[in-house]
Amino acid sequence: MEKKGVIVLAIMALSLAMLSVNFVSAGVGIKWEQESFLINDGERTCLTYSVYNPWPEDSYVKLELPENLKNLLISQEAETKLVPANTPSASAIPVKFCFKTPAVYERDCWVGSFICKQECMEEQKVYEGDVSVKSVPGNTEISGSGGSATQMSVSAPLKLKIVCNAHKRDFTLVYAILAVVSLVAIVIILYRKYRKPEAERKKEKLQNLKEEMNRLKGKK
């Protein structure tokens, strides 16, 4: 009897597992190439997941992120995506979304956010969670007819590892400011050196006028 009970339980567990898989994947599927990504600190990065629907009914799906990843989201290709019936995995429809991580690592700056150095002594910052693709009620604005009303969901793991780029202080801005100041100083010095005083310029002008009058009198 014990052996029969174990066999019955095993069959029931297997049946429930198969029903669960069929329920989760019916109407919507998700594809991804990798689960972990390296993102530079403070930079914009775009990722692409793909959705498919090999079943005989159109599906409208929405890609959702957990709160810790949603806070980094700056753009998403579409809120709701139509996935036509009989779309195989090989023809999965891409959905792109873009992140921009905050500056998570400490920087040592002299003036505000300028002339900074970064030593990257902290532990690497990692954001992780599940990217979920959920079916939603048919969007009449897209096709004029509704799709399946059954709520389905699948998910894929996602891990964003934030890269800290160590660097020394960048004095480019300081050099540029010094170059501009030096150029202005040289221009002022040359101007003052070669600029004739106003009295001297008037005297020269009067002298030139007298010479011109004398020349005209000599012609007469």
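Residue check: is THR80 touching a helix residue (DSSP H, G or I) at 6+ places or on another chain (Cβ under 9 Å) and in contact (Cβ under 8 Å) with a residue 60 or more places away in the chain?
Against the criterion (touching a helix residue (DSSP H, G or I) at 6+ places or on another chain (Cβ under 9 Å) and in contact (Cβ under 8 Å) with a residue 60 or more places away in the chain), THR80 qualifies.
Check region 7-22 and report whether any residue there is closer than 23 Å to SER89 by Cα, out of contact with any helix residue (DSSP H, G or I) (no Cβ under 8 Å at 6 or more places or on another chain), at pLDDT below 50 and not in a helix (DSSP H, G or I).
No, because not a single residue in region 7-22 is closer than 23 Å to SER89 by Cα, out of contact with any helix residue (DSSP H, G or I) (no Cβ under 8 Å at 6 or more places or on another chain), at pLDDT below 50 and not in a helix (DSSP H, G or I).
ALA149 is checked against (1) modelled with pLDDT of 85 or more; (2) in contact with a Pro (Cβ under 6 Å, 6 or more places away or on another chain) and fails just one. What number does that condition carry?
The number of the failed condition is (1).
The values are calculated or read from the model by the stated rules, or taken from the named source; none is laboratory data. As the structure is a prediction and not an experimental result, all values here were calculated from the model. Please note: Cβ atoms are built from the backbone with ideal geometry, for glycine as well, and neighbour counts cover all protein chains shown.
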